[in-house]
Amino acid sequence: MPGVAGRAFLALTTAVSLAACGVIGGNGGGDEPELAPRSGDPSASPAKCTVSAKLVPSCGAWWGVTPVIGSRQDPVSAVTSYERQIGRSVDIYHGYHSYADLFPSAREIALTRQSGKKRMLVLNWKPDSGKTWKQVAAGAADAQIAREAAYLKAHFTKKFWLVIHHEPEEEVKTAPNSGYTAADYRAMFRHVVTRFRAAGAKNILFTMVYMGYTGYMAKPWFGDLYPGDKYVDWIGYDPFAKSNIKDYANLVNKVAPAQQDLGFPGFYDYSAKHFPDKPLMLSEWAVLEVPGDPGRKPAFFKGVGKQFAKYPRIKALSYFNTTHAVNMPDGGNTSIDATSQALKAFRALGKRPEFNVER
């Protein structure tokens, strides 16, 4: 996602099968039953697909959208409009909340309950609004966490992904007493998870989201951000394809120019080494429109389908759809319908069996 100053607080290892997938019902708890492949699909494999208690599909990936910024657009209207564009329902809505919000909102809950739809939620929340990470780790947000946990018990018991302060890299301050060191972030994340668990909030999948940019990965403190496997259910990262990012393989393993000649790994390869057992999601991914190159975005979308199977730990993709992504070049137009050719390619991509995990 673009920089902090400009965004003003915005809002899944198994082999990938091209066969269609089945999904357990309810909230995803308990044992993982074997499910029949998608009916009517002549290419369906006899192997059964499952979804784990942590909503990890054994084949394919969830297909999602990040269609709104903050509260400026109604989630239901935005998602239904997007679904009309792409010719299918989405699996995931990705939204954002400020410190004092109780989430999910009534309208987000409505998204998950709409007849004929089976949408899930990825929600970003920053528990440190007006406080340092160190202060939150010391209990400064405990009352709000308790309030939120009580709200969930009363209003929303389906499983959802909760991103705790996404993309912290660019906010790290290395001064020991800043309250914003990488170690402070790790302590804050652990404390928030511990408090939610103690309050009995059992439907949260705690998610750590990185920028996925090696300019920060090369920093000596980068490894100190990770809260630890005990506290993290999913790992997300947010790669945007500017004009220098040629295809999906390049997108999921972006390497900053300064590290290109040093053999530095991109984020996908880094994650395989440092947290290999965690499912990955592209919590925000997008392709920038490049003026004078109308064929780039359609070609990129077609390439995702061709290259997706090479990166099997990616189990969810949520497209960041906007005509103006802040702090991005050339106006920041990531919209899927920037051209009719782009929309046609994206619609075809979303209809591929690996992005249609049935539930």
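Checking the structure you have, find out if any residue of region 332-351 is modelled with pLDDT under 95, within 24 Å of TYR82 (Cβ to Cβ) and not in a loop (DSSP other than H, G, I, E, B).
Scanning region 332-351, I find at least one residue that is modelled with pLDDT under 95, within 24 Å of TYR82 (Cβ to Cβ) and not in a loop (DSSP other than H, G, I, E, B), so the answer is yes.
Of (1) over 20 Å from VAL122 (Cα atoms); (2) under 19 Å from the mean Cα position of the chain (by Cα); (3) crowded, with 18+ Cβ neighbours inside 10 Å, SER283 satisfies all except one. Which?
Checking SER283 against (1) over 20 Å from VAL122 (Cα atoms); (2) under 19 Å from the mean Cα position of the chain (by Cα); (3) crowded, with 18+ Cβ neighbours inside 10 Å, the one that fails is (1).
Scanning region 190-246 for residues that are among the charged types (D, E, K, R) and more than 30 Å from ALA154 (Cβ to Cβ), which turns out surrounded by the fewest Cβ atoms within 10 Å (Cβ to Cβ)? Outline the logic, then answer.
First, pick out the residues of region 190-246 that are among the charged types (D, E, K, R): 190, 195, 197, 202, 219, 224, 229-230, 233, 238, 242, 246.
When the remaining residues are screened for being more than 30 Å from ALA154 (Cβ to Cβ), the result is 219, 224, 229, 238, 242, 246.
Working: LYS219: 15, ASP224: 14, ASP229: 10, ASP238: 24, LYS242: 16, LYS246: 13.
The selected residue is ASP229.
Answer yes or no: is there a residue in region 307-317 that is in a loop (DSSP other than H, G, I, E, B) and basic (Lys, Arg).
If we filter region 307-317 for residues that are in a loop (DSSP other than H, G, I, E, B), which is where we start, we get 311-313.
Narrowing the set further to residues that are basic (Lys, Arg) leaves 313.
Yes, the conditions are met somewhere in region 307-317.
Check region 131-147 and report whether any residue there is touching a strand residue (DSSP E or B) at 6+ places or on another chain (Cβ under 9 Å) and either surrounded by 19 or more Cβ atoms within 10 Å (Cβ to Cβ) or on the phi > 0 side of the Ramachandran plot (or both).
Taking region 131-147 first, the residues touching a strand residue (DSSP E or B) at 6+ places or on another chain (Cβ under 9 Å) are none.
No.
Go through region 269-326 and count every residue that is under 28 Å from ALA218 (Cα atoms) and among the β-branched types (Val, Ile, Thr). Write out each step before concluding.
Going residue by residue through region 269-326, those that are under 28 Å from ALA218 (Cα atoms) are 269-288, 300, 304, 307-320, 325-326.
Still in the running and among the β-branched types (Val, Ile, Thr): 287, 304, 314, 326.
Count: 4.
Would you confirm whether any residue within region 176-190 is more than 24 Å from ARG119 (Cα to Cα), of a type in the set (Lys, Arg), out of contact with any His (no Cβ under 9 Å at 6 or more places or on another chain) and modelled with pLDDT of 95 or more? Walk me through it before giving the result.
Quick first cut of region 176-190, residues more than 24 Å from ARG119 (Cα to Cα) only: 176-190.
This time we only want the ones that are of a type in the set (Lys, Arg), so: 186, 190.
After this cut, where a residue has to be out of contact with any His (no Cβ under 9 Å at 6 or more places or on another chain) as well, the list is 186, 190.
Next, only the ones that are modelled with pLDDT of 95 or more stay: 186, 190.
Yes, region 176-190 contains a residue that is more than 24 Å from ARG119 (Cα to Cα), of a type in the set (Lys, Arg), out of contact with any His (no Cβ under 9 Å at 6 or more places or on another chain) and modelled with pLDDT of 95 or more.
Among the numbered conditions (1) assigned to a helix (DSSP H, G or I); (2) under 19 Å from GLY332 (Cβ atoms); (3) among the aliphatic types (A, V, I, L, M), tell me where ALA286 comes up short.
(1)
Can you list residue pairs whose Cβ atoms sit under 9 Å apart, with the first residue in region 315-331 being farther than 22 Å from ASP293 by Cβ and the second being of a type in the set (S, T, N, Q) and outside any loop (DSSP other than H, G, I, E, B)? Count only pairs 6 or more apart in sequence or on different chains.
Going by the 9 Å Cβ cut-off, the qualifying pairs are ALA316/SER283; LEU317/SER283; SER318/THR66; SER318/SER283.
For region 208-263, which positions are at pLDDT 95 or above, among the charged types (D, E, K, R), more than 27 Å from VAL65 (Cα to Cα) and part of a loop (DSSP other than H, G, I, E, B)?
Within region 208-263, just LYS230 meets the criteria.
Let me confirm something: among PHE300, PHE320, which residue is buried (at least 21 other Cβ atoms within 10 Å of the Cβ), more than 27 Å from PHE160 (Cα to Cα) and of a type outside the set (Lys, Arg)? Let's see the steps before the verdict.
Numbers: PHE320 fails: more than 27 Å from PHE160 (Cα to Cα).
On inspection, the qualifying residue turns out to be PHE300.
Any residue in region 201-216 that is more than 15 Å from PRO279 (Cβ to Cβ) sitting within a Cβ distance under 6 Å of a residue that is in a helix (DSSP H, G or I) and among the polar types (S, T, N, Q)? List the pairs, counting only those 6 or more apart or interchain.
From residues that are more than 15 Å from PRO279 (Cβ to Cβ), the pairs are THR214/GLN259.
So which residues in region 248-264 are over 17 Å from the mean Cα position of the chain (by Cα) and over 17 Å from PRO312 (Cβ atoms)? Reasoning before the result, please.
The initial filter retains those residues of region 248-264 that are over 17 Å from the mean Cα position of the chain (by Cα), namely 249-250, 255-264.
Within region 248-264, ASN250, VAL255, ALA256, PRO257, ALA258, GLN259, GLN260, ASP261, LEU262, GLY263, PHE264 meet the criteria.
Among the residues of region 81-100, write down those that are surrounded by fewer than 16 Cβ atoms within 10 Å (Cβ to Cβ) and either of a type in the set (Ser, Thr, Tyr) or modelled with pLDDT under 95 (or both).
If the condition is that a residue be surrounded by fewer than 16 Cβ atoms within 10 Å (Cβ to Cβ) and either of a type in the set (Ser, Thr, Tyr) or modelled with pLDDT under 95 (or both), then SER81, SER98, TYR99, ALA100 are the ones that fit.
For ARG113, indicate whether it is modelled with pLDDT of 95 or more, over 24 Å from VAL232 (Cα atoms) and among the basic types (Lys, Arg).
Working: modelled with pLDDT of 95 or more: yes; over 24 Å from VAL232 (Cα atoms): yes; among the basic types (Lys, Arg): yes.
For ARG113, the condition - modelled with pLDDT of 95 or more, over 24 Å from VAL232 (Cα atoms) and among the basic types (Lys, Arg) - is met.
List the residue pairs whose Cβ atoms are under 7 Å apart, where the first residue sits in region 171-191 and is on the phi > 0 side of the Ramachandran plot, the second is among the charged types (D, E, K, R) and assigned to a helix (DSSP H, G or I), and the two are 6 or more positions apart or on different chains.
Listed by first residue and then by second, the contacts come to GLY179/LYS134.
The values are calculated or read from the model by the stated rules, or taken from the named source; none is laboratory data. Source: prediction; values computed, not measured. Counting neighbours? That spans all protein chains shown, and the Cβs are built from the backbone with ideal geometry, glycine included.
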